[in-house]
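**Student:** Below you will find the structure I want to go over with you.
The values are calculated or read from the model by the stated rules, or taken from the named source; none is laboratory data. Here the structure is a predicted model, which is why all the values come from computation and not from measurement. Cβ coordinates were reconstructed from backbone atoms using ideal geometry, including for glycine residues, and neighbour counts include every protein chain displayed. Keep in mind that these areas ignore ligands, DNA and RNA; they rest on the heavy atoms of the full protein, side chains included. Shrake-Rupley method; radii C 1.70, N 1.55, O 1.52, S 1.80 Å.
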Amino acid sequence: MPEKKRRKRNRAADLLAAAILLCLLITLFNAAWRYICYLRLDFTTAKTVTETVELPVDSLILRDEFMISAPCAGIFEPVVSAGTRISVGALIGYMLADQPGAEAYREAVYSPRGGVVYFELDGWEEMLTVSAMMNTDWSQMLAVWESDSVAASAESSAALPSTEAGRPVAKVIDNLVDVCAVLYAESAADEFIVDDTVKLCLQTELGTEEMTADVLETGALADGRNYLLVSCRSDFKDLLEKRALSGYLVGESYTGLLIDASSIVIDAEGTPGVYLVRGDSLVYTEVEIIKTIDHEVLIDGLLDGDRVVTNPQLAKEGQRVY
C-alpha cells in the first residue's frame, strides 16, 4: 500500500478517535455538571400538619391592691401566710418593739379590707392599678419598667431596715374583681381578637395556664410594638403574685402541607409555585398558600411526602435529580 494512502487512512482514524473522545468528554462533563447542579439543591419533604397560629407576648399585671400601713414604729411580724384569703378586720400580724431594751409591746395589725394578703411589695402597687389603666401612657410606663428603675428602687428599699410608723407592711388584693394586664408584642394582634376576646396562655410556675381575656383597648407603642389591655379571671395564683408574665396569644388552626417559606416562587402573574421531584427530574407546580407561619408556609396542591426544592433560584424545569 502506498505510503500516502496509509497516512490518509491513519489521519482519518485519528480524527474519528479524537471526535469520539471529544464526545465522551462532553458527555462526561455534562453529566458531571448536572450532578454538581443537583448537589447545590436543598430539599424538604412536604408533610400534612395542623398548625395553630401563636403570637408571643409579655405582660404587666394590674390589680386592685390596697396597702396596709404600720400603725406604729416597730418590727412587723405576720401571723398569716402570704396568699391567705382574709375577711375585713382579720388579724394579719403584730408590731413588735424594734430596739433591744426598749419597753416591750405587741400591737395587733388588722386588715381594713377583705381579699388575698401578701407581704412582699414591688414598688408598682400604686402605679399599675386597674383604676388608672385607661389613662396610662403605656409607652412611658413600659420604658420605666424595662429600665428596671422602679424595681431596683423597691428592692433597695426592701433591703434597708425600716421600722417607721406609716410604712407599708402588707397589701390586700381584691380577688373578687378581674385582674387586668397590658400585653405587648412585636406584631399586631388583630387576627387573634374574636368578639373582643383573645385566648391567652401564660407561663406560670405550675405550667401553661390558658384563659379567655376580654380586650379593653388596643394601640401602638412609641417603639413600634403593639399592646392590648385585657381583663381576665383572678383565680390564677400567678396573676395575684407575679407582676410580669410571658406567654402567647392563640389564634386559628390551619391544616395543610408544611414546607419552608423559601421554597415558594412567585411568577409574573403573582401565582405561587414550587419545584418538586417527579421521577428523576424537577417539575414546576403551582400551589395555594393557606397560611404563612414564621419561616414556613402551609400550602395545598402537593402530595404528602413530595420532595420540594428550598432554594428554587438554583432550580429549573426538567433538571435532573439523583
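**Student:** For region 261-309, how many residues are over 30 Å from SER187 (Cα atoms), open to solvent by 70 Å² or more (accessible area, probe 1.4 Å) and in contact (Cβ under 8 Å) with a residue 12 or more places away in the chain? Break it down into steps so the answer makes sense when it comes.
**Tutor:** Taking region 261-309 and keeping what is over 30 Å from SER187 (Cα atoms), we get 275-285, 302-307.
Filter again for open to solvent by 70 Å² or more (accessible area, probe 1.4 Å), leaving 278-280, 303-304, 307.
Filter again for in contact (Cβ under 8 Å) with a residue 12 or more places away in the chain, leaving 280, 303-304, 307.
So the count comes out to 4.
**Student:** Then there is this: Considering only region 137-158, how many residues are within 22 Å of LEU216 (Cα to Cα) and either out of contact with any strand residue (DSSP E or B) (no Cβ under 7 Å at 6 or more places or on another chain) or at pLDDT below 85 (or both)? Step through it out loud before you land on a result.
**Tutor:** Filtering region 137-158 for residues within 22 Å of LEU216 (Cα to Cα) gives 137-143, 145.
Next, only the ones that are either out of contact with any strand residue (DSSP E or B) (no Cβ under 7 Å at 6 or more places or on another chain) or at pLDDT below 85 (or both) stay: 137, 139-141, 143.
Adding up the residues that qualify gives 5.
**Student:** Testing MET134 on (1) at pLDDT below 95; (2) part of a loop (DSSP other than H, G, I, E, B), one condition comes back false. Which one is that?
**Tutor:** (2)
**Student:** Sort out which residues of region 53-98 are touching an Asp or Glu at 6+ places or on another chain (Cβ under 9 Å), in contact (Cβ under 8 Å) with a residue 24 or more places away in the chain and open to solvent by 40 Å² or more (accessible area, probe 1.4 Å), and write them in order of number.
**Tutor:** Of everything in region 53-98, those that are touching an Asp or Glu at 6+ places or on another chain (Cβ under 9 Å), in contact (Cβ under 8 Å) with a residue 24 or more places away in the chain and open to solvent by 40 Å² or more (accessible area, probe 1.4 Å) turn out to be PRO56, ASP64, PHE66, MET67, PRO71, ALA73, ILE75, ALA82.
**Student:** Further, regarding this structure: Search region 121-142 for residues that are open to solvent by 30 Å² or more (accessible area, probe 1.4 Å) and pair each with any residue that is outside any loop (DSSP other than H, G, I, E, B) and among the polar types (S, T, N, Q) when their beta-carbon atoms are under 7 Å apart and the residues are at least 6 apart or on different chains.
**Tutor:** GLY123/SER153
**Student:** Go through region 234-260 and count every residue that is of a type in the set (A, V, I, L, M), within 17 Å of ASP304 (Cα to Cα) and open to solvent by 20 Å² or more (accessible area, probe 1.4 Å).
**Tutor:** Taking region 234-260 and keeping what is of a type in the set (A, V, I, L, M), we get 239-240, 244-245, 249-250, 257-259.
Narrowing the set further to residues that are within 17 Å of ASP304 (Cα to Cα) leaves 257-259.
Cutting the leftovers down to open to solvent by 20 Å² or more (accessible area, probe 1.4 Å) gives us 258.
Matching residues across region 234-260 total 1.
**Student:** Just for strands (runs of 3 or more DSSP E) wholly inside region 1-77: which have at least 1 residues that are under 30 Å from VAL308 (Cβ atoms) and modelled with pLDDT of 95 or more?
**Tutor:** Numbers: elements: 43-45, 47-62, 65-69.
The strands (runs of 3 or more DSSP E) meeting that bar are 43-45, 47-62.
**Student:** Among the residues of region 281-292, is any touching a helix residue (DSSP H, G or I) at 6+ places or on another chain (Cβ under 7 Å) and at pLDDT 95 or above?
**Tutor:** Residues of region 281-292 touching a helix residue (DSSP H, G or I) at 6+ places or on another chain (Cβ under 7 Å): 292.
Still in the running and at pLDDT 95 or above: none.
Checked region 281-292: no residue is touching a helix residue (DSSP H, G or I) at 6+ places or on another chain (Cβ under 7 Å) and at pLDDT 95 or above.
**Student:** If THR163 meets every condition in (1) outside any loop (DSSP other than H, G, I, E, B); (2) open to solvent by less than 80 Å² (accessible area, probe 1.4 Å); (3) over 25 Å from ASP137 (Cα atoms); (4) of a type in the set (S, T, N, Q) apart from one, which number is that one?
**Tutor:** (1)
**Student:** Is it the case that region 224-239 has a residue that's over 29 Å from ILE68 (Cα atoms) and touching a Pro at 6+ places or on another chain (Cβ under 9 Å)? Show your work before the answer.
**Tutor:** Start the filter on region 224-239 by keeping residues that are over 29 Å from ILE68 (Cα atoms), which leaves 224-228.
Pick out the ones that are also touching a Pro at 6+ places or on another chain (Cβ under 9 Å) and you get none.
No, there is no match, as no residue in region 224-239 is over 29 Å from ILE68 (Cα atoms) and touching a Pro at 6+ places or on another chain (Cβ under 9 Å).
**Student:** Taking the condition farther than 29 Å from TRP33 by Cβ and open to solvent by 50 Å² or more (accessible area, probe 1.4 Å), does LYS316 pass?
**Tutor:** Details: farther than 29 Å from TRP33 by Cβ: no; open to solvent by 50 Å² or more (accessible area, probe 1.4 Å): yes.
For LYS316, the condition - farther than 29 Å from TRP33 by Cβ and open to solvent by 50 Å² or more (accessible area, probe 1.4 Å) - is not met.
**Student:** Here's another thing I want to ask about it. What are the residues in region 240-280 that are among the hydroxyl-bearing types (Ser, Thr, Tyr) and at positive phi, if any?
**Tutor:** Selection gives nothing.
**Student:** Ok, one more. So, in region 105-131, how many residues would count as being outside any strand (DSSP E or B) and either under 26 Å from the mean Cα position of the chain (by Cα) or among the β-branched types (Val, Ile, Thr) (or both)?
**Tutor:** First, the residues of region 105-131 that are outside any strand (DSSP E or B): 105, 111-114, 119-128, 130-131.
Restricting the remaining residues to those that are either under 26 Å from the mean Cα position of the chain (by Cα) or among the β-branched types (Val, Ile, Thr) (or both) gives 122, 124, 128, 130.
Counting residues in region 105-131 that are outside any strand (DSSP E or B) and either under 26 Å from the mean Cα position of the chain (by Cα) or among the β-branched types (Val, Ile, Thr) (or both) gives 4.
**Student:** A further question on this structure: Suppose we filter region 249-278 for residues that are over 30 Å from ALA181 (Cβ atoms) and outside any loop (DSSP other than H, G, I, E, B); how many remain? Outline the logic, then answer.
**Tutor:** Restricting attention to region 249-278, the residues satisfying the condition of being over 30 Å from ALA181 (Cβ atoms) are 255-278.
Filter again for outside any loop (DSSP other than H, G, I, E, B), leaving 255-263, 265-266, 272-278.
Final tally of qualifying residues: 18.
**Student:** Now for a different question. Just one of (1) open to solvent by less than 60 Å² (accessible area, probe 1.4 Å); (2) touching a Phe, Trp or Tyr at 6+ places or on another chain (Cβ under 8 Å) trips up THR50, so point out which.
**Tutor:** (1)
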